[in-house]
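Input: one structure, supplied below.
The values are calculated or read from the model by the stated rules, or taken from the named source; none is laboratory data. Note that the structure is predicted; figures quoted are calculated from it, not measured. Quick reminder, even Gly has a Cβ in these numbers, built from the backbone with ideal geometry, and neighbours come from all protein chains shown.
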Amino acid sequence: MTLAVINPATEQPIAELDEAGVEETDAAVARARAAFPGWRAVSPSDRARLLRRLATLVEEHSEELARIESQNVGKPISGARAEVGMVAEVFHFYAGAIDKHHGETIPVAGGVDLTFREALGVVGLIVPWNFPLNISSWKLGPALACGNTIVLKPAELTPLSALRLAELILDAQIPEGVVNVVVGPGRVVGQRLVEHPDVAKIGFTGSTEVGRGVMQGAAGTIKRVTLELGGKSANVVFADADLERAAAAAPYAVFDNAGQDCCARSRILVERSAYDRFSELLVDATRRVRVGDPREESTEMGPLISAEHRTTVASFVGGNTLFQGETPDGPGYWFPCTLVEATNDDRVAREEVFGPVAALIPFADEEEAIHIANDTPYGLSGSIWTENGARALRVARALETGVLSINSNSSVRPTTPFGGFKQSGFGRELGMHALDGYSEVKNVFVAT
Ligand code: NDP
């Protein structure tokens, strides 16, 4: 079987690849298994050196990688460059983290107690199409740092950057078999990785629905899983906030990556006394978002990933549209920036749209803001805008979500933990926390 890879901004094929099945997946697992003893035995300083070399190669090839990602995902080139920059930072961070993730000695009677951090073995990494290279690096960095070997399955829609990264991994002299990329359908290749007896752990990012199946499939072999799933995050704007700043930032918290972002603050909760003023400012700011050719330096939002996905996104927009922007004519899976007025019971406020659609929801006071923000099965990210520091912290503690920002909408840094509460998943990526998910604690007692 062959797989045609499409540029969503032109609807034209940009590559044709052989599609892997169960046999190729098993072969990749076998290569990773064979490479494991050697990779685990590489000294921490040499492993760090190899990861640092990979980070440097990513920097040296950053423009090429950004162009691949921009063409395959339809993301604006400026955003793609920033993402590739983060990929290099992530590998630099984990190169430096290797010898800082160590065991303990614990006081016990009759001897000495030590803990070791052991590698798991072969890990399967399953990645979505919205941030293909970035999310791959969040998993590869800690998995490699801990001494695991890897089978990486990118989404079928966006495999090109992972394939190029695999070449750079070999150029960095990370041994053959340590990282294996398999391109094939999730229900075949992904499912096989989830059930394979020689795979010790699955690091999965994707929808809550598929994540549920991954967790069920992993139960058969008691596989470890990390699940980074969907979100329906709230951007909570209090009347005492700097409304101009909050409104200027809000569009980019939903429309970045055309809304195809698990952290999208797609519910904008606004205190009723500031609602009219904030709405005006938000419409003005949304009107200014530059939608168009991803190759243009000034473009801020590109198309959606596919025609099928555009149909899903469109199904969320009906009455109560406050504002809808423009899109280019001609080919491409375009969808305009859209603001709708809603209640938290409306479908647009309950389900993940994964497109450039934001729901504005008024609230009466702090208590109601917390109630509405938490009234969702998800709990990934969110923002709080207020000039009252005590309130900011009070609300931050009350929100059931893994990643919050105060007077900002940023969620992700190489050095800080990222992951969800509730049905947004469990386990943490990035920062030192991610290393815990790719290693096992071994406890050893020595009688003295
Ligand atoms: P999917 O869950 O459909 O796919 C994610 C990955 O899983 C893809 O590689 C897919 O392969 C694979 N897959 C599909 N079916 C199976 C299966 N049965 N067994 C194993 N693997 C399978 O998500 P999308 O790609 O549509 O991505 C969008 C979703 O990802 C959104 O819900 C979003 O919120 C979430 N997401 C979460 C993030 C987070 O960190 N929390 C970050 C980014 C996205 P293929 O596509 O090749 O069939």
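Return the residues of the range 419-429 that are more than 10 Å from the ligand (Cβ to nearest atom) and either among the hydrophobic types (A, V, I, L, M, F, W, C) or in a loop (DSSP other than H, G, I, E, B) (or both); say none if nothing qualifies. Working first, answer last.
Step one: filter the range 419-429 for residues more than 10 Å from the ligand (Cβ to nearest atom), giving 421-423, 426-428.
Within the range 419-429, Phe421, Phe426, Gly427, Arg428 meet the criteria.
Would you pick out the residues in the range 1-48 that are assigned to a loop (DSSP other than H, G, I, E, B) and closer than 30 Å to Pro294 by Cβ?
Met1, Pro8, Ala9, Thr10, Glu11, Glu19, Ala20
Return a yes/no flag: does the range 264-283 have any residue that is part of a loop (DSSP other than H, G, I, E, B), of a type in the set (A, V, I, L, M), modelled with pLDDT of 95 or more and away from the ligand (no atom under 16 Å from the Cβ).
no
Continuing with the same structure: Going through the range 198-213 one residue at a time, which ones are free of Cβ contacts under 8 Å to residues at least 40 places away in the same chain, over 21 Å from Leu133 (Cβ atoms) and near the ligand (Cβ under 7 Å from one of its atoms)?
Glu209, Gly213
Quick one: Pro356 ticks every box in (1) out of contact with any Cys (no Cβ under 8 Å at 6 or more places or on another chain); (2) in contact (Cβ under 8 Å) with a residue 60 or more places away in the chain bar one, so which box is it?
Among (1) out of contact with any Cys (no Cβ under 8 Å at 6 or more places or on another chain); (2) in contact (Cβ under 8 Å) with a residue 60 or more places away in the chain, Pro356 violates only (1).
Next question. Within the group Arg391, Arg413, Arg397, which residue is without any contact (Cβ under 8 Å) to a residue 24 or more places away in the chain, assigned to a helix (DSSP H, G or I) and basic (Lys, Arg)?
Details: Arg391 fails: without any contact (Cβ under 8 Å) to a residue 24 or more places away in the chain; Arg413 fails: assigned to a helix (DSSP H, G or I).
Step by step, each of Arg391, Arg413, Arg397 is checked, and only Arg397 is without any contact (Cβ under 8 Å) to a residue 24 or more places away in the chain, assigned to a helix (DSSP H, G or I) and basic (Lys, Arg).
May I ask you to say which residue of Thr149, Thr105 is out of contact with any helix residue (DSSP H, G or I) (no Cβ under 8 Å at 6 or more places or on another chain) and polar (S, T, N, Q)?
Exactly one residue qualifies, and that residue is Thr105.
Note down all Cβ pairs under 6 Å where the first residue falls in the range 422-448 and is touching a residue at least 60 places away in the same chain (Cβ under 8 Å), the second is among the aromatic types (Phe, Trp, Tyr), and they're at least six residues apart or on different chains.
The qualifying pairs are Gln423/Tyr378; Ser424/Tyr378; Glu429/Trp138; Glu429/Phe418; Leu430/Trp138; Leu430/Phe418; Lys442/Phe116.
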